[in-house]
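Structure, as structure tokens:
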Amino acid sequence: MKVAVLGAGAGGAASVAELVQAGHDVHFWARSAETLEPHVKLGGVAYEGKLGEGLARPALITTDLKAAINGVDVAVVALPTFSHSAIAVALAAAGWPASKPVVLNPGHTGGALEFAETFSRTVRGTAPAVVEFSTLTYVARKYRPDGVTISGRAKQLKAAALRGGAEVLELAGKLFPGLTPVADVIASDLSNVNMVLHPPGAVLAAAWVEATGGSFTFYVDAMTPGVARVMKQLDEERLAVARAFGHDLPNLIEEMKLLGTVEADVVDTSDFRGAIAGGEANKRIKGPDSLEYRYYKEDFGHGLLPFLELATIASVDTPVAHSLYSLAQITVGTDYRKGGRTAEAMGIAGMTKDQVIEKVRAK
């Protein structure tokens, strides 16, 4: 298959590694020439970890979006979730056809809705089918500018399609084996583990972040009993909102076991601290180095905010989510609604719960 991978961070680099390994014809794009230059010099993406070790050589490495999408069958967007609106505009301007699907790896919470809404507004017409992964396929970091270290690869990953149905999900599964289809993008939205996993520690360890510049392990040192209790309450709110939309989802620890970021032999899925701190894939990951880190930029304005919008539509109280969101805004000194994933951005403002369900399940 001919695939455009859009994004040269850890997720994009890991996607290139896996897709090239699998024999796909890959075009590798990023907006920044500076980010791509090390890959151009090397001739590809060096990788190590769960996918083995080697050099993945895509057919094209470019900052020209039109060249990157020329002749491809599918675009894989492996960008931070706050970039979804901008890349939707860019793809629309570059002439991406509504007949070809887009895969958001990851989509996180509300990604497919926001992408489709932005695309359709830009072209004043129909958006393409959008496949949304609940989280990134990989636990990965770029410790060198031309390579990626992949410490984890999701075993089972929730995915849903906004338009296109089973056919586009099957296509996405050929690219990224291990997808578990769910009923609609609300189910994949609310399976976003980062929305629960990051905000409690990001808020409650903010002083540590500023004092040490991230010189601690986020999933071990910062996974204290108090943080774990807040996280568990936040997760219960997530499950309540999911039930209101007709979805019975696993709790956070059960979800992370499916992904492979909590060990398979964990029995007590109510022990958030023990299960998360004991996960091999995440245990060496350092804390945020500043309040500009993606846990603050991404998981509030594009994680908790759309979650709160869905909770409001579903008439479910979410006091913990509201508290974390408000504290983060004050701590970081920002208004996450400005440029954030609001109901308006997702195209669901003013809708009832039943109307949202109808929208996400339309073929």
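The values are calculated or read from the model by the stated rules, or taken from the named source; none is laboratory data. Keep in mind the model is a prediction, meaning the values are calculated, not measured. Cβ placement follows ideal geometry from the backbone for every residue including glycine, while neighbour counts extend to all protein chains displayed. Accessible surface is based on the protein model in full, side chains and every heavy atom, while ligands, DNA and RNA are left aside. Shrake-Rupley method; radii C 1.70, N 1.55, O 1.52, S 1.80 Å.
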**OP:** Would you point out which residue out of 230, 266, 241, 220 is open to solvent by 20 Å² or more (accessible area, probe 1.4 Å), of a type outside the set (Gly, Ala, Ser) and closer than 21 Å to residue 318 by Cα?
**Re:** 230
**OP:** Find all pairs meeting these conditions: Cβ atoms under 7 angstrom apart; at least six residues apart or on different chains; first residue within region 16-36 and touching a residue at least 12 places away in the same chain (Cβ under 8 Å); second residue charged (D, E, K, R) and not in a helix (DSSP H, G or I).
**Re:** 20/57; 25/2
Subject >> Residue list for region 126-156, restricted to those being out of contact with any helix residue (DSSP H, G or I) (no Cβ under 7 Å at 6 or more places or on another chain) and either charged (D, E, K, R) or surrounded by fewer than 18 Cβ atoms within 10 Å (Cβ to Cβ) (or both) >> reply: 143, 144, 153
Subject >> Which listed residue is part of a helix (DSSP H, G or I), open to solvent by 10 Å² or more (accessible area, probe 1.4 Å) and within 18 Å of residue 328 (Cβ to Cβ), from 203, 209 >> reply: 203
Subject >> Selected residue (criterion: farthest from residue 293 (Cα to Cα)) from residues of region 84-119 that are open to solvent by less than 30 Å² (accessible area, probe 1.4 Å) and of a type in the set (Ser, Thr, Tyr) >> reply: 118
Subject >> All positions within region 70-83 that are within 23 Å of residue 138 (Cβ to Cβ) and either open to solvent by less than 40 Å² (accessible area, probe 1.4 Å) or among the polar types (S, T, N, Q) (or both) >> reply: 72, 74, 75, 76, 77, 78, 79, 81, 83
Subject >> Boolean, residue 35 is within 29 Å of residue 302 (Cα to Cα) and in contact with a Gly (Cβ under 9 Å, 6 or more places away or on another chain) >> reply: yes
**OP:** Report the residue count in region 332-358 for those that are open to solvent by 60 Å² or more (accessible area, probe 1.4 Å), at negative phi and in contact (Cβ under 8 Å) with a residue 60 or more places away in the chain.
**Re:** 1
